[in-house]
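See below for the structure under consideration.
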Amino acid sequence: MSKTSHPVRDLFEQSKENPDAIDLDEVVEYLDHEDWGQAREWALQTITHVSAADPDRLETVIDDVRPHLEDEFLVAQNTAALLFARQARHDPEPVRKSVPELLALLDQDPPILRFRAAGALAPLLADYVDVFVPHTDRLVEVLVDSPTVTLVPEDEALEDVEAETVEMLQELANDREEQYERDRKRSQGVREFAANAIVEVAEIEPKRVAPHVRVLATTINDDRPIVRTALLDTMAIIAQDDPEAVQPAIPAIRERLNDEVDYVRAHAVRALGYAEATEAIEDLRELAGQNVDENLSGLAADTADWLADCLEA
């Protein structure tokens with residue numbers, strides 16, 4: 001039989017027009033097509049169309065989709081991650097068993113794959129944050145060492161490349177600028193998920209995050225205010241449990257008092273207070289005297305006064 005007229009391709013085409021008529025039991029049989037990744041991809045895409053029309057039907061086959069989070073055919077793996085993100089939005093409970101596999105995808109290329117994996121994991125933070133506690137080290141690794149997205153190869157990578165080839169690469173890079181922007185935002189989304197997950201883990205088990213304070217401090221100046229805020233909140237939570245544990249991060253937290261975003265500065269003030277960072281008293285008084293939001297100014301002044309009282313106690 002020709003691969004172009006394969007039965008699973010026919011199912012795939014039918015699912016575009018009439019997803020309700022598709023028998024998913026028939027479709028999942030093709031997920032075991034070990035010799036041909038495209039057959040598995042057509043099967044997964046068929047499930048995608050069916051579940052778009054009726055999200056409840058996805059859960060009936062999610063266990064059949066599960067192994068394909070590690071599919072050697074990248075396109076099929078990417079579609080499996082999309083299906084898990086869809087399942088998580090509808091009902092995250094079935095996703096719990098695949099947390100390790102999804103976490104493993106968070107630094108993989110292409111960026112859309114790691115973004116979809118993060119999309120499958122994020123809904124678990126609401127009710128199932130406990131599943132992330134054993135994976136605290138991995139979350140920190142993803143946040144601190146997440147892949148970067150670039151338009152062109154680094155200069156060092158072009159040293160031995162002919163000038164004409166370099167010019168061609170640069171032209172191609174300019175052509176894909178729109179794709180680059182999407183990939184950059186996807187990578188940022190992964191970092192936001194990791195930062196928020198670390199906060200949630202710290203809320204229930206601060207001692208699991210405390211050993212990572214020093215390395216997390218290196219990312220408190222992240223480009224995204226939401227990531228900076230999450231890290232500052234993490235430091236505040238740890239400090240409530242053990243102020244001394246946050247000491248390696250105090251210089252980085254103090255720098256955020258000059259952040260361009262007022263709410264980030266407020267979270268930095270809060271973290272310094274919980275950390276009993278008396279060395280930041282003058283910084284806080286300086287912030288309180290600036291032309292800033294009165295709530296921020298008042299918080300900085302009150303925290304400085306409280307820390308001064310700590311010195312005298």
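The values are calculated or read from the model by the stated rules, or taken from the named source; none is laboratory data. Everything quoted here is computed from the prediction, not taken from an experiment. A quick note on method: Cβ atoms are made from the backbone with ideal geometry, for glycine too, and the neighbour counts reach across all protein chains shown. Accessible surface is based on the protein model in full, side chains and every heavy atom, while ligands, DNA and RNA are left aside. Shrake-Rupley method; radii C 1.70, N 1.55, O 1.52, S 1.80 Å.
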**Checklist (1) surrounded by 15 or more Cβ atoms within 10 Å (Cβ to Cβ); (2) within 28 Å of ILE220 (Cβ to Cβ) applied to GLU101, failing item** = (2)
**Asked** When you look at GLN38, is it surrounded by 14 or more Cβ atoms within 10 Å (Cβ to Cβ) and closer than 18 Å to LEU121 by Cβ, yes or no?
**Response** no
**Members of the stretch 185-222 found to be among the basic types (Lys, Arg) and either open to solvent by less than 30 Å² (accessible area, probe 1.4 Å) or in contact with a helix residue (DSSP H, G or I) (Cβ under 8 Å, 6 or more places away or on another chain) (or both), listed by number** = ARG186, ARG191, LYS207, ARG208, ARG214
**Prompt:** Going through the stretch 232-248 one residue at a time, which ones are under 22 Å from the mean Cα position of the chain (by Cα) and not polar (S, T, N, Q)?
**Reply:** LEU232, ASP233, MET235, ALA236, ILE237, ILE238
**Request:** Take the stretch 14-24 and flag every residue that is assigned to a helix (DSSP H, G or I), more than 33 Å from the chain's Cα centre (by Cα) and not aliphatic (A, V, I, L, M).
**Result:** GLN14, GLU17, ASP20
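Residues are listed down the side, and each one gets a yes or a no for (1) farther than 25 Å from ALA230 by Cα; (2) of a type outside the set (D, E, K, R); (3) at pLDDT 95 or above:
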position: THR79; (1), (2), (3): yes, yes, yes
position: GLN87; (1), (2), (3): yes, yes, yes
position: ASP91; (1), (2), (3): yes, no, yes
position: PRO94; (1), (2), (3): yes, yes, yes
position: GLU101; (1), (2), (3): no, no, yes
position: ALA104; (1), (2), (3): no, yes, yes
position: ARG114; (1), (2), (3): no, no, yes
**Complete:** When restricted to ASP23, ASP71, the only residue open to solvent by less than 70 Å² (accessible area, probe 1.4 Å) and of a type outside the set (Val, Ile, Thr) is ASP71
**Set ASP32, ASP56: member being within 24 Å of ASP91 (Cβ to Cβ), open to solvent by 50 Å² or more (accessible area, probe 1.4 Å) and without any contact (Cβ under 8 Å) to a residue 40 or more places away in the chain** = ASP56
**Asked** Hey, which of the helices (runs of 4 or more DSSP H) in the stretch 35-130, taking only ones fully inside, have at least 2 residues that are at negative phi and among the hydroxyl-bearing types (Ser, Thr, Tyr)?
**Response** 37-53
**Message:** Going through ARG214, ARG186, ARG208 one at a time, which residue ends up being more than 11 Å from LEU139 (Cα to Cα) and either touching an Asp or Glu at 6+ places or on another chain (Cβ under 6 Å) or modelled with pLDDT under 95 (or both)?
**Reply:** ARG186
**Item:** The listed residue being more than 23 Å from THR46 (Cα to Cα), open to solvent by less than 50 Å² (accessible area, probe 1.4 Å) and modelled with pLDDT of 95 or more, out of ALA122, ALA118
**Value:** ALA122
**Any chance THR4 is modelled with pLDDT of 95 or more, among the β-branched types (Val, Ile, Thr) and in a helix (DSSP H, G or I)** = no
